[in-house]
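The values are calculated or read from the model by the stated rules, or taken from the named source; none is laboratory data. Only a predicted model underlies this, so the values are computations on that prediction, with no experimental measurement involved. So basically every Cβ, Gly included, is an ideal-geometry build from the backbone, and we count neighbours across all protein chains shown. Remember, those area values only see protein heavy atoms, side chains included, never the ligands or the DNA or RNA. Shrake-Rupley method; radii C 1.70, N 1.55, O 1.52, S 1.80 Å.
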Amino acid sequence: MRKLFGTDGVRGTANTHPITAEMALRIGAAVGRYFRRDASSVHRVVIGKDTRLSGYMLENALTAGLTSTGMNVLLLGPVPTPAVGLMTRSMRADLGVMISASHNPADDNGIKFFGPDGYKLSDQAEIEIERLIEEGVNPAQAQNIGRARRVDDARFRYGERVKSSLSRDLRLDGLKVVVDCANGAAHRTAPEVLWELGAEVIPVGIAPNGKNINLNCGSTKPQLAAETVVAHGADVGICLDGDADRVVMVDENGQVADGDQLMALLATSWAKADRLKGGALVATVMSNLGLERHLAAQGLRLERTAVGDRYVVERMREGGFNLGGEQSGHIVMSDYATTGDGLMAGLHFLAEMVHSERRASELSKQFETVPQLLKNVRYTDGQLPLEAANVQAAIADAQARLNGQGRLLIRKSGTEPLIRVMAECEDGALLMQVVDGIVAEVEAVAS
């Protein structure tokens, strides 16, 4: 069992265990030792970050830990998470590190890792790194300490890679696009790429100050983008999160479409063009039942995984699939990227608009969703609310009531101390009853 790592790296409140400078130093040393297997050769690691104030602290501490084990560090500065996966591979690095808490508030931060192939680490690798953190590692000899240097053109390299995923003749001339960058890592890259492709760009969330990332903006708060689209008469809106690895779309009427609808669009289009490998889309247990039914009607499959885009990617690699993602907006197109890429996915939606000559509202409603209700209950670290007898009884009762009518999913968040209670059911009254019943029992234990 992993103790530090969750579904997407190590995450928590900045300057509180485990997101402290001391722990970042130890983590850097441990992961440096794990990847520096041959002391006689040159080893390098790339480090990117989003725009959180605590990123400076963690960047310096990680650099110290990594160089102490002989790793040479290349500092990318603020870049989207998918840029780190890309640069790890293109710069022939042994390791990539992204300092970000993704969609979480500014006071949180996190550290996630990519292997030399540009993919996120496996559970087994994270367990071994945790062992090294606990035991400690021997530093390199004085003459073997690593160096650190800045890479000034990382975001430009990433921007070119994103554009290269589209056909060379595609232009966005005539499209008015709102892009909400969540005051995060893509605050310069996303507007630049859209402008270079010919769009009229209306950017919001592009003034990061270290404390406003994801604050009332971005993919988890798309109201700002929706209002901006309507106010400016824009054709479409793209809402990214703080590290730009997820996206939700906004149509010309201000209506929001989540990752399920975007995946349905891409899967349908790719299948018609004979580009969808394996005849399947990979998504998590959180994706709506309506998506599964929509795909089945076209003779396509939905392969479900545990929650977390890295589990989606693992299944894609195992099965040879090239499209997957999460309802939350992680869209993975493995022909072009090693992880979820919000900007790339948004551009492919715009490409569908151009090729089909259809409005965003026509493309963003691919299927009718089965009513789904998700509620979160916060608990104190150390508590085990799902093991309580009253909670287990409530879950069993809900499963019995939903039998044949819907489905139930109860899980601990891998990034926050939350219990997530989700159910789907055509009967709206029953849906609320089963979710609220479980939430009440969890709250009784967690209070």
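When the chain is described by a simple charge dipole with +1 on each Lys and Arg Cβ and -1 on each Asp and Glu Cβ, the residue from A389, G210, P222 located farthest towards its positive end is G210. Straight Cα distances below 12 angstrom link K49 to the aspartates and glutamates E59, D243, with same-chain residues fewer than 8 positions distant left out.
Rolling a 1.4 angstrom probe over the protein heavy atoms with all chains in place gives the chain an accessible area of 41 Å² per residue.
About its Cα centre, the dipole of the stretch 1-153 is roughly 320 debye, where the only charges are +1 on Lys and Arg Cβ and -1 on Asp and Glu Cβ.
Would you tally the net charge around S287, using a Cβ to Cβ cut-off of less than 9 Å, leaving S287 out, and scoring K and R as +1, D and E as -1? Before the final figure, lay out each step's value.
Working: positive: R304; negative: D260, E292, E326.
Net of charged neighbours comes to -2.
Distance from the Cα centroid of the stretch 217-245 to that of the stretch 251-278 is 18 Å (rounded to whole angstrom).
Among R89, R147, R33, the residue with the largest mean-square fluctuation in a Gaussian network model of the chain, with springs joining Cα atoms closer than 10 Å, is R147.
Taking a Cβ cut-off of under 12 Å around D258, the surrounding Lys, Arg, Asp and Glu residues balance to a net charge of 0, with basic ones at +1 and acidic ones at -1.
Roughly to the nearest percent, how much of the accessible area of the stretch 1-137 is carbon and sulfur, given a 1.4 Å probe? The partial results should precede the final answer.
Working: 2520 of 4860 Å².
For the stretch 1-137, the apolar C and S fraction of the accessible surface comes to 52 percent.
A protection proxy built from the mean count of other Cβ atoms within 10 Å ranks the segments 19-26, 273-280, most packed first, as 19-26, 273-280. Size descriptors for the stretch 308-381 (Cα atoms only): Rg and Dmax, in that order, 15.6, 51 Å. Under 18 Å of direct C-alpha separation, and excluding same-chain neighbours fewer than eight residues apart, K412 reaches these lysines: K3, K375.
Tell me the carbon and sulfur percent of the accessible area for the stretch 139-202, rounded to whole percent, probe radius 1.4 Å. Let's see the in-between values first.
Values: 1580 of 3500 Å².
It is 45 percent, rounded to a whole number.
Between the listed residues M249, A360, V332, the Cα displaced farthest toward the positive end of the dipole of the stretch 229-383, a dipole computed from Cβ unit charges relative to the Cα centre, is found at V332.
Run the numbers on the chain and let me know its relative contact order in percent, using alpha-carbon pairs under 8 Å that are six or more apart. Intermediate results must be reported in sequence, preceding the final value.
Values: 1026 pairs, mean separation 58.2, N = 447.
RCO, the chain: 13 percent.
Considering only G136, G65, G324, the Gaussian network model of the chain with Cα springs below 10 Å gives its largest mean-square fluctuation to G136. Taking 20 Å as the straight-line reach from the Cα of K163, the lysines in range (excluding those fewer than 8 positions away in the same chain) are K176. Beta bridges assigned by DSSP with both partners in the chain are antiparallel in approximately 55 percent of cases. Of the residues I129, V312, L66, the one whose Cα sits farthest towards the positive end of the charge dipole of the chain is L66 (charges of +1 on Lys and Arg Cβ, -1 on Asp and Glu Cβ, taken about the Cα centre).
To put it simply, the accessible area of the stretch 219-304 at a 1.4 Å probe is 49 percent carbon and sulfur.
Largest GNM mean-square fluctuation across G414, G110, G325, computed for the chain with C-alpha springs under 10 Å, falls on G414. Annotation: peptides 51-57, 434-440, 256-262, ranked by per-residue average of other Cβ atoms within 10 Å with the highest first, follow the order 256-262, 51-57, 434-440. Rounded to the nearest 500, the helix-only mean residue ellipticity at 222 nm of the chain stands at -11500 deg cm²/dmol, with each DSSP H run of n ≥ 4 adding -39,500 (n - 2.57).
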